[in-house]
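Structure, as structure tokens:
The values are calculated or read from the model by the stated rules, or taken from the named source; none is laboratory data. As the structure is a prediction and not an experimental result, all values here were calculated from the model. Don't worry about glycine lacking a Cβ; one is built from the backbone with ideal geometry, like all the others, and counts go over all protein chains shown. Protein only, heavy atoms only, side chains kept; ligands, DNA and RNA dropped before computing areas. Shrake-Rupley method; radii C 1.70, N 1.55, O 1.52, S 1.80 Å.
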Amino acid sequence: MRARAWLAGAAARLAAAGVEPEEGRLEGLILLEDLAGVGRARLPLDPPLPPEARAALDAALRRREGREPLSHILGAWEFWGLRFEVSRETLTPRADTELLVEEALRWLRARPALAAPWVVDVCAGTGCVGLSLLSELGAGARASLIELSPGALAVAGRNAARLRAEGAVRGRVDVWAGDLLAPLRAAAPPGAPPPDLVVSNPPYIRPADLAGLAPEVRDHEPRLALDGDLGAPPGDGLAVVRRLVAEARALLAPGGGLLLEVGWDQTEAVGELLGAEGFEGVWRRRDYGGNWRVVGGVMGEK
Ligand SMILES: C[S@@+](CC[C@H](N)C(=O)[O-])C[C@H]1O[C@@H](n2cnc3c(N)ncnc32)[C@H](O)[C@@H]1O
């Protein structure tokens, strides 16, 4: 079989399995490139597929028809132009979250005194937010990645080590196991300076909304990465965020920043929460689809 015939068949099978047709064709292209080495440039030549490549493509297609995320099938996903290992224990990095990276960079660059900033990425997952930030900052920068899931933390550690070895990330990276900001509090020597910026894409989905998520997310991504009220009574999905804002208030010095990604209908509530916890200049940012997705504030005098 030749590449174009395989692609047409794959797109049809994915559409029949409920994947958006445009998405299915794009995913077929990604599979052809990753598993058979047939990228967009070679596709017009319509090369024949060797039997091993064909077998790998068909096996991947069967998993995708079962609505397993493409990222799990490939074991990796791109974010901020970097390749991140992913697993069943990590959230797959979302393009939406690049907005959080953009906003964090804007905040840091508006403060030239922070030539060698220390950024904490809490709820780090693959480490995509902290490591992408570090890829844009100088060698003096530091990123601390904190994660509760041991499996996700191991993936973050491997992503950090590989991106440093490839030279994509120059600054210092440390990874911490634990609940929100507790590991840093426990490890900080008395009088040590606090981080300059805490960034987070925490779990924030309302428990009542989990059942309505796409099967790729609902059935394959970790509940710990999604459910914003895990361990608390089900409510507005902001239980983790509330704890995080209170902990950031205790950790940050005046002038330190806190920047969060939350749901499109949650930034207003989180902005109020930040104000109530002593953060000043609270601001929000919309994504390119016009939805409010990022909210931040600067710690005021305590
Ligand atoms: C929405 S995912 C974000 C992952 C990654 N930052 C990203 O943007 O792709 C939230 C992550 O927070 C982790 N997590 C959940 N509760 C946590 C807690 N209390 N302390 C630290 N990490 C937590 C989950 O395991 C998950 O990896």
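Going from most exposed to least, what order do Leu61, Leu45 have by accessible area with a 1.4 Å probe?
Working: Leu61 5, Leu45 130 Å².
Order by accessible area, largest first: Leu45, Leu61.
Report, to the nearest 10°, how far helix 51-65 tilts away from the longest principal axis of the Cα atoms in the chain, using its own Cα long axis and a range of 0 to 90°.
Computed tilt is about 60 degrees.
Ala253 to Glu65: extension gain in nm, 0.36 nm per residue of separation minus the Cα-Cα distance? Kindly include the intermediate steps, with their values, before the conclusion.
On the way: separation 188, 0.36 × 188 = 67.68 nm, distance 5.01 nm.
Length difference between fully extended and current span is 62.7 nm.
Can you tell me the 0 to 90 degree angle between the C-alpha axis of helix 239-251 and the longest principal axis of the chain, rounded to 10?
Result, in degrees: 50.
Hey, how many Å between the Cα centroid of the stretch 3-30 and the Cα centroid of the stretch 212-280?
36 Å
How do 62-73, 132-143 rank on mean C-beta neighbours within 10 Å, highest first? Write down the numbers at each step before the final one.
Details: 62-73: 17.7, 132-143: 19.9.
Result, highest mean Cβ count within 10 Å first: 132-143, 62-73.
Please pull out the direction-averaged projected area of the stretch 124-246, using the convex hull of its alpha-carbon atoms, in nm² to one decimal place. Kindly include the intermediate steps, with their values, before the conclusion.
Working: hull surface 34.7 nm².
Value for the stretch 124-246: 8.7 nm².
In the chain, what percentage of the DSSP-assigned beta bridges are antiparallel, given to the nearest 5? Intermediate results must be reported in sequence, preceding the final value.
Working: 16 of 36 bridges.
Restricted to the chain, the bridges split so that about 45 percent are antiparallel.
Find out how many positive minus negative residues lie around Gly171, taking Lys and Arg as positive, Asp and Glu as negative, among other residues whose Cβ is under 11 Å from that of Gly171.
+2
Among Arg2, Arg162, what's the order by accessible area (1.4 angstrom probe), most exposed first?
Values: Arg2 120, Arg162 80 Å².
The ranking, largest first, comes out as Arg2, Arg162.
What translational diffusion coefficient, in µm²/s and rounded to a whole number, does the Stokes-Einstein relation yield for the chain at 4 °C and a viscosity of 1.567 mPa s, taking the hydrodynamic radius as the Kirkwood radius over Cα pairs? Don't jump to the answer; show the numbers that get you there.
Details: Rh = 20.5 Å.
The diffusion coefficient I find is 63 µm²/s.
Between helix 98-109 and the chain, what is the angle of the helix's C-alpha long axis to the longest principal axis, kept within 0 to 90° and rounded to the nearest 10?
Helix 98-109 and the main axis of the chain meet at about 40 degrees.
Which ³J(HN,Hα) values in Hz, rounded to whole numbers, follow from the phi angles of the stretch 280-296 under the Karplus curve 6.51 cos²θ - 1.76 cosθ + 1.60, where θ = phi - 60° and Gly and Pro get x?
Here the 3J(HN,Hα) series is 10, x, 4, 9, 10, 9, 8, 7, 6, x, x, 8, 5, 10, 10, 9, x Hz.
Measure off, as a whole percent, the carbon and sulfur share of the 1.4 Å-probe accessible area of the stretch 83-169, all protein chains present. Write down the numbers at each step before the final one.
Values: 1760 of 3240 Å².
Answer for the stretch 83-169: carbon and sulfur cover 54 percent of the accessible area.
Give the relative contact order (percent, whole number) for the stretch 76-299; include only Cα pairs under 8 Å separated by 6+ residues. Don't skip to the end; give the middle numbers.
Details: 463 pairs, mean separation 39.6, N = 224.
Relative CO of the stretch 76-299 lands at 18 percent.
How do Met299, Met1 stack up against each other in accessible area, from largest to smallest, with a 1.4 angstrom probe? Don't skip to the end; give the middle numbers.
Details: Met299 10, Met1 110 Å².
Order by accessible area, largest first: Met1, Met299.
If you stretched the chain out fully between Glu136 and Ala16, how much longer would it get, using 0.36 nm times the residue separation minus the C-alpha to C-alpha distance?
Values: separation 120, 0.36 × 120 = 43.20 nm, distance 4.14 nm.
The Glu136-Ala16 span can extend by a further 39.1 nm.
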